[in-house]
Each structure stands twice: as C-alpha cells, then as structure tokens.
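The values are calculated or read from the model by the stated rules, or taken from the named source; none is laboratory data. Values in this document were obtained by computation on a predicted structure and should not be read as measured data. No Cβ is skipped: glycine too gets one built from the backbone with ideal geometry, and neighbour counts run over all protein chains shown. The protein model used for the area step is the full one, side chains on, heavy atoms only, and it has no ligands, DNA or RNA in it. Shrake-Rupley method; radii C 1.70, N 1.55, O 1.52, S 1.80 Å.
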Amino acid sequence: MAVQPGFRPVDNMTRQGPGNDVEYFQIGPNATASKCLPGIRVMIDTTDNYVKEFTGTGNAIGYLSYEASPDKPKTIDTAFAVGDWAAVEMGAGKRIRGRLASGQNVTKGQPLKEVADGFLSAGTPGTDDIVADADQSVDASSAAAAIWVLTRK
C-alpha cells in the first residue's frame, strides 16, 4: 500500500478539520469584488455587517470561506460579488486554504503575515504580526497562488 506522507490538500475547500468559528457578512460597498476570492483575509467595511479585502492596515477578522458561504461563487477560484453573503472563517488552529502573494516562495512551517489585498506573505517573528504558518511549500514567484496554512489568529 502506498502512503502519502504529510498533509493532503483538497482543491475545492477553504477549510479542513474541526471548527465552528464562522460568521456571515455581506461583501461591502467598498470591496473590490475581483479581489474577494475564497481564502482572502478580510476586514470590516463601512459597518459591522460588511467586509472587504484586507487593505494592509487595520484589523483583518478572518478568511473568506467557500463551502460555508450562502452565496458561494461558481468555483473556489471565482470572486464573490459586492452584496453577496459570505462566511468568514475565524480563529486559531484551523487549516485554511489562503492566498499567497505573488513574488513569494515559502516552505512548509514558514511563518506568514498578512499584506495588502488580503494575501499572505513570508513573515518574521518578532518583527511582523504572524497570522499563520505555511502547511505546504508553495512557489508563487511569478503569480499569486493558493496555499494551505495553519492559522494563529
């Protein structure tokens, strides 16, 4: 019997494993819809009922979910529209399919920080606010890519 070592990613999900820390929001009026992809980190928009892609400043609240969202996009790589109802995955200790910023090349276990447009990037503990750890090695040197992470926040 062949055994695959380590974590086996699933392509059509944003979360694997336990956890009920999901809250529902609408994609807000100030969101850039094309940037609101499942797995992107989001922040509160104009009110507590709306979210938009994390801008790089302020406080991100979690990751846009695919499978738990009432207005699920056509595919996991399709963006939500402004006004869509979306689930946001929150909390530490979850396995989430996030989005790695273009120009990054990370290895499994590497600490990650959040950057503009809700993407993740390699981070330095003690200097950066680390929000997750890479759960797989991903080379996004030429284009942004999906990456499975273990959340810290």
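In this structure the amide hydrogen of Ala140, modeled in the peptide plane, comes within under 5 Å of the amide hydrogens of Gln104, Asn105, Val106, none closer than 5 places in sequence on its chain. Multiplying the residue separation of Glu23 and Glu67 by 0.36 nm and subtracting their alpha-carbon distance yields 14.5 nm. The local environment of Lys74, defined by Cβ-Cβ distances under 14 Å, has a net charge of -3 under the rule Lys, Arg +1 and Asp, Glu -1. Computed over the chain with a Gaussian network model linking Cα atoms closer than 10 Å, the most mobile of Lys108, Lys74, Lys52 is Lys74. The Cβ shell under 14 Å around Asp129 holds other residues with a net charge of +1, Lys and Arg each +1, Asp and Glu each -1.
Across Tyr63, Tyr24, the residue with the most accessible area heads the list, and the full order at a 1.4 Å probe is Tyr24, Tyr63. In sequence order, the stretch 48-65 has phi-based couplings of 5, 8, 10, 10, 9, 4, 4, 8, x, 10, x, 10, 6, 10, x, 10, 5, 9 Hz under the Karplus curve 6.51 cos²θ - 1.76 cosθ + 1.60, θ = phi - 60°, and Gly or Pro positions carry x.
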